[in-house]
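To start, the structure under review is shown below, and the notes come after it.
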Amino acid sequence: MIAGFMEQETLESERIALRHWQDADADILYEYAREPEVGERAGWPPHQSREESLEVIRTVFDNPTTWAIVLKETGKVVGAIGYGPSCDCALPAREGEPTVGYWVGKPYWGQGICTEALRLMIDHIRQTTAINSLISGHFADNPASGRVMEKCGFDPTGETACDSHLYGGAGKPIRVMRLVFS
Ligand SMILES: CC(C)(COP(=O)(O)OP(=O)(O)OC[C@H]1O[C@@H](n2cnc3c(N)ncnc32)[C@H](O)[C@@H]1OP(=O)(O)O)[C@@H](O)C(=O)NCCC(=O)NCCS
């Protein structure tokens, strides 16, 4: 594994690759992100146009710790995963503790893809950084996301009320999850 946060770094497991987003992914991103059930469970509004998806690729996704999840068998992008500073989220993060986020396009739900992607990203973090814990959270009415984190070793650490920074989330309970590296 290559050390550090190198641009264009690609990670691989048995079925999937994590690679950085490209402008050419705008159509497929829009196909998944226009579906309300994807974004609303993660706290962002459904995309309204291909142009909006392109803008997200060029801004939100344009960093070394956000990846497209690609199915190796088909070469197709099926979702997104990443980690970054917790300072702008409502989670009770420890000093310097990053937060984790992910989603998978609805046609690909229930195939173990997100779990495989999260395990891959966690292995990468452990091998290439000094980070020793991760925090995340999911809306209490989105148990599938909690299950993904549990399968990857996260433990529940309580609940918090969502503030208004997440789309549709104001006042909703968030189940807080933490993974401490041993
Ligand atoms: C949450 C999400 C990322 C899961 O992706 P996925 O690739 O389908 O996840 P996996 O197949 O790896 O695992 C899903 C697990 O949740 C379980 N699950 C699914 N629906 C469930 C439900 N209603 N209640 C409890 N568990 C549920 C599955 O059975 C599976 O667990 P198992 O392997 O023990 O059977 C996907 O549903 C998604 O993108 N949702 C919208 C965006 C989102 O919620 N992002 C996370 C925000 S915190």
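So which lysines can K172 reach, going by Cα to Cα under 26 Å and dropping same-chain residues fewer than 8 places off?
The qualifying lysines are K106, K151.
How would you classify the stretch 108-150 from its alpha-carbon gyration tensor, with a ≥ b ≥ c the square roots of the eigenvalues: rounded for a/c under 1.5, else prolate if a/b is greater than b/c, otherwise oblate?
Cα axes put the stretch 108-150 in the oblate bin.
In the stretch 90-182, with Lys and Arg counted as +1 and Asp and Glu as -1 at Cβ, which of these residues, W103, G137, P92, has the Cα nearest the positive end of the dipole, that is, farthest along it?
W103
With the crude spin-label approximation of a point 7 Å out along Cα→Cβ, what separation in nm comes out for R34 versus T128?
3.3 nm
By how many nm would the segment from D141 to S182 lengthen if fully extended, with 0.36 nm per residue of separation less the alpha-carbon distance? List each step's numbers first, then the result.
On the way: separation 41, 0.36 × 41 = 14.76 nm, distance 2.98 nm.
Net length gain for the segment: 11.8 nm.
Using Cα-Cα distances under 8 Å and only pairs 6 or more residues apart, what relative contact order does the chain have, in percent?
Working: 316 pairs, mean separation 37.3, N = 182.
Across the chain, relative contact order equals 21 percent.
At a Cα cut-off below 15 Å, give the aspartates and glutamates reachable from K72, other chains included and same-chain residues fewer than 8 away excluded.
E12, E14, E116
Hey, what do the phi angles of the stretch 141-146 turn into as Karplus ³J(HN,Hα) couplings, whole Hz, using 6.51/-1.76/1.60 and θ = phi - 60°, x for Gly and Pro?
Ordered by residue, 3J(HN,Hα) equals 8, 10, x, 4, 5, x Hz.
How large are Rg and Dmax for the chain when only the alpha carbon atoms are used, in Å?
15.4, 44
Say a paramagnetic label sat at a point 7 Å from the Cα of Y108, along Cα to Cβ; which residues of the stretch 124-148 have their backbone N under 17 Å from it?
145, 148
In debye, nearest 20: dipole of the chain around its Cα centre with unit charges on the Cβ of K, R (+) and D, E (-)? Walk me through the numbers on the way to the answer.
Working: 17 positive and 26 negative charges, 99 e Å.
Once rounded to the nearest 20, the dipole reads 480 debye.
Every read-out reported here was derived from the displayed coordinates using simple, explicitly stated rules and does not represent laboratory data. Keep in mind it's a predicted model, so treat the numbers as computed, not measured. Neighbour counts run over all protein chains shown; Cβ positions are idealised from the backbone, glycine included.
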